[in-house]
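See below for the structure under consideration.
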Amino acid sequence: MSNQPNHRILGKHKSSYRDYYTLKNLVAARTGCIIFLILNLVLRILYSVFPESITRAQNYPEFNFTNWLYIAITPIFLGGSYALIYWYRKQKKANIVMGIFVFLFSLYIIFCGMFSSFIATSDPRNALVLYLTALSIISVVFVFENDETILMIVIVEIIFTGLLYYIQAEAMEMVYNEIISVTLLFCFYFISRYFYSYKSSYFMQLVDIRDKNIDIEKAGAFKNEILGMVAHDLRNPIAAIETLTMMMEMEEIDKDTRENLEMIKTSCVKARGIIADLLDAANNENINIIETQRTELNHFIKRIINEWKVQKGAKNNIVLISSKNQVFVEINGEKFQRVMDNLITNALKFSKENNKIDIYLSVKNDHAIIEVRDYGLGIPADMIPHIFERFSKARRPGIRGEQSTGLGLSISKQIIENHNGTIEVTSEERKGSTFTIQLPVVE
């Protein structure tokens, strides 16, 4: 299996793929060094614990020598892998030194398996498990280009042939062993090419996902920019309409005209609210870090409740029930007030005037818990999963006909998440809803 199709698949990403698999190869080499070193150290311990039974084993001197040799050489590759991984992460790019290192390490592992097969018996075709294991591990774990794979096969075959001559194998045994070795190396080539193709396809999937995410981010940023521009530009004509309406009210007008002007003013107030929501939705999505200050929540929430009672004329009884005298959190006061205003607005919108609104404040597991509970209409179960979506299909008019943009709760969720907090809702129809906010407390 040639890797030529992968050249066409990878295209301009060929260099990126080489960087990607080089790091993977270095990490695999480091892991392989650790495992191989541990195995040889365990063998060395066994040699020490059971010297008599092991020293009688066939070819013990050769095994003993190679064990010490592996213990001496493997740490060199281990140190090299750590150094090259550090180098890669520093420069964020692969180089030829890293490729040569991985190539040499792979040859080292294959040679260890091959040499162990020769030590086990004078006729290696009777004990090729270690040789086969080494080839299988290298073909599956490491990624090589086509020419690198062919070069490795040639070198391995030359070494194998050299060892056969070294042990002075008979002509027929040499032919049998060469046939077996060539067969194993062919399998090694095809397995290596298969995993090259598989891993390159996986890499291209990652690239496609990354590119699509970038496109989505760009589209989202463009959408928010247009949203902000449109909302901002709508302010001026609405302000002009409000000004003209106020000027007309100063003149002598009849009752019907005055009622029409009141309707225009009310519509302008609603339009300004929608514009504020649009601007907040666009701005909050582009802000991941917000300026905060240490704030005591009892005092903060009481001030908001007083504003609703005095300035906004809330007829419902809004009550704070706190289990802690002082609860400090890091919040942006302006944005967090927007959240509380949204939740209180929703609670009032779906509650009768004689229903109370309870705000509970407590601390649990180093988090401040704020619960805004109403006893109104509640939320249908099928709407709850969509309640925090932008322009949510869960939006609906209040019991007095109040309209909704479907942005308030989405904005609230954005703000809470920017505070490293969470917001959830539980609700039961005709019994009310509870919105729960969790924020990290500070000392």
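Being open to solvent by 60 Å² or more (accessible area, probe 1.4 Å) and within 17 Å of Ile109 (Cβ to Cβ) is the filter here; which residues of segment 62-71 pass it?
Filtering segment 62-71 for residues open to solvent by 60 Å² or more (accessible area, probe 1.4 Å) gives 62-63, 65, 68-69.
Scanning segment 62-71 gives a single hit, Leu69.
Please specify each residue of segment 62-80 satisfying the condition of being over 16 Å from Cys33 (Cβ atoms) and modelled with pLDDT of 85 or more.
Thr66, Trp68
What are the residues in segment 253-268 that are surrounded by 12 or more Cβ atoms within 10 Å (Cβ to Cβ), under 54 Å from the mean Cα position of the chain (by Cα) and among the hydrophobic types (A, V, I, L, M, F, W, C), if any?
Of everything in segment 253-268, those that are surrounded by 12 or more Cβ atoms within 10 Å (Cβ to Cβ), under 54 Å from the mean Cα position of the chain (by Cα) and among the hydrophobic types (A, V, I, L, M, F, W, C) turn out to be Leu261, Ile264, Cys268.
For Ala231, which of the numbered conditions (1) modelled with pLDDT under 85; (2) within 22 Å of Asn25 (Cα to Cα); (3) aliphatic (A, V, I, L, M) fails to hold?
Failed condition: (2).
Would you be able to say whether some residue in segment 156-171 is under 23 Å from Tyr194 (Cα atoms) and part of a helix (DSSP H, G or I)?
Yes, the conditions are met somewhere in segment 156-171.
Looking only at segment 236-252, which residues are among the hydrophobic types (A, V, I, L, M, F, W, C), surrounded by 11 or more Cβ atoms within 10 Å (Cβ to Cβ) and either in contact (Cβ under 8 Å) with a residue 24 or more places away in the chain or not in a helix (DSSP H, G or I) (or both)?
Passing the criteria: Ile238, Ile241.
Could you grab me the full set of residues in segment 79-100 that are open to solvent by 30 Å² or more (accessible area, probe 1.4 Å), among the hydrophobic types (A, V, I, L, M, F, W, C), under 32 Å from the mean Cα position of the chain (by Cα) and closer than 24 Å to Ser192 by Cβ?
Ile96, Val97
Give me the residue from segment 33-42 that is touching a residue at least 12 places away in the same chain (Cβ under 8 Å) and more than 12 Å from Tyr82 (Cα to Cα) and, out of that set, most open to solvent (accessible area, probe 1.4 Å). Quick ask: steps written out before the conclusion?
Step one: filter segment 33-42 for residues touching a residue at least 12 places away in the same chain (Cβ under 8 Å), giving 33-34, 36-37, 40-41.
Narrowing further to those that are more than 12 Å from Tyr82 (Cα to Cα): 36-37, 40-41.
On the way: Phe36: 43, Leu37: 32, Asn40: 9, Leu41: 77 Å².
Selected residue: Leu41.
Open to solvent by 60 Å² or more (accessible area, probe 1.4 Å), at pLDDT 80 or above and in contact with a helix residue (DSSP H, G or I) (Cβ under 6 Å, 6 or more places away or on another chain) - does that describe any residue in segment 272-287?
No, because not a single residue in segment 272-287 is open to solvent by 60 Å² or more (accessible area, probe 1.4 Å), at pLDDT 80 or above and in contact with a helix residue (DSSP H, G or I) (Cβ under 6 Å, 6 or more places away or on another chain).
Of all residues being within 15 Å of Ile119 (Cβ to Cβ) and open to solvent by 80 Å² or more (accessible area, probe 1.4 Å) in segment 47-61, which is modelled with the highest pLDDT? Just the residue, please.
Pro61
Test Val154 against the stated conditions and say whether it is surrounded by 15 or more Cβ atoms within 10 Å (Cβ to Cβ), modelled with pLDDT of 90 or more and of a type outside the set (Gly, Ala, Ser).
Against the criterion (surrounded by 15 or more Cβ atoms within 10 Å (Cβ to Cβ), modelled with pLDDT of 90 or more and of a type outside the set (Gly, Ala, Ser)), Val154 does not qualify.
Would you confirm, using the coordinates I've provided, whether Thr149 is at pLDDT 90 or above, among the hydroxyl-bearing types (Ser, Thr, Tyr) and either under 27 Å from Asn25 (Cβ atoms) or loosely packed, with under 15 Cβ neighbours inside 10 Å (or both)?
So Thr149 fits the description; yes.
For Ile179, work out the one condition from (1) open to solvent by 30 Å² or more (accessible area, probe 1.4 Å); (2) under 21 Å from Leu104 (Cβ atoms) it doesn't fulfil.
Ile179 satisfies every listed condition except (2).
Just for segment 355-387: of the residues that are part of a loop (DSSP other than H, G, I, E, B) and open to solvent by 40 Å² or more (accessible area, probe 1.4 Å), which one is nearest to Phe336 (Cα to Cα)? Spell out the reasoning first.
Going residue by residue through segment 355-387, those that are part of a loop (DSSP other than H, G, I, E, B) are 355-356, 365-366, 374-383, 387.
Then keep just the ones that are open to solvent by 40 Å² or more (accessible area, probe 1.4 Å); that gives 356, 365-366, 375, 377, 381-383.
Values: Lys356: 22, Asn365: 21, Asp366: 19, Tyr375: 23, Leu377: 25, Ala381: 27, Asp382: 28, Met383: 25 Å.
If we take residues in segment 355-387 being part of a loop (DSSP other than H, G, I, E, B) and open to solvent by 40 Å² or more (accessible area, probe 1.4 Å), then Asp366 is nearest to Phe336 (Cα to Cα).
Please determine, by comparing only the residues of segment 410-424 that are open to solvent by 20 Å² or more (accessible area, probe 1.4 Å) and assigned to a helix (DSSP H, G or I), which one is nearest to Gly333 (Cα to Cα).
The selected residue is Asn418.
Return only the number of the condition from (1) closer than 15 Å to Thr436 by Cβ; (2) out of contact with any helix residue (DSSP H, G or I) (no Cβ under 8 Å at 6 or more places or on another chain); (3) surrounded by 14 or more Cβ atoms within 10 Å (Cβ to Cβ) that Leu343 does not satisfy.
The one condition Leu343 does not meet is (2).
The values are calculated or read from the model by the stated rules, or taken from the named source; none is laboratory data. What you see is a predicted model; the values in this text were computed from it and never measured. Here Cβ is always computed from backbone atoms with ideal geometry, including for glycine, and neighbour counts include all displayed protein chains. SASA here: full protein model, heavy atoms, side chains in, ligands and nucleic acids out. Shrake-Rupley method; radii C 1.70, N 1.55, O 1.52, S 1.80 Å.
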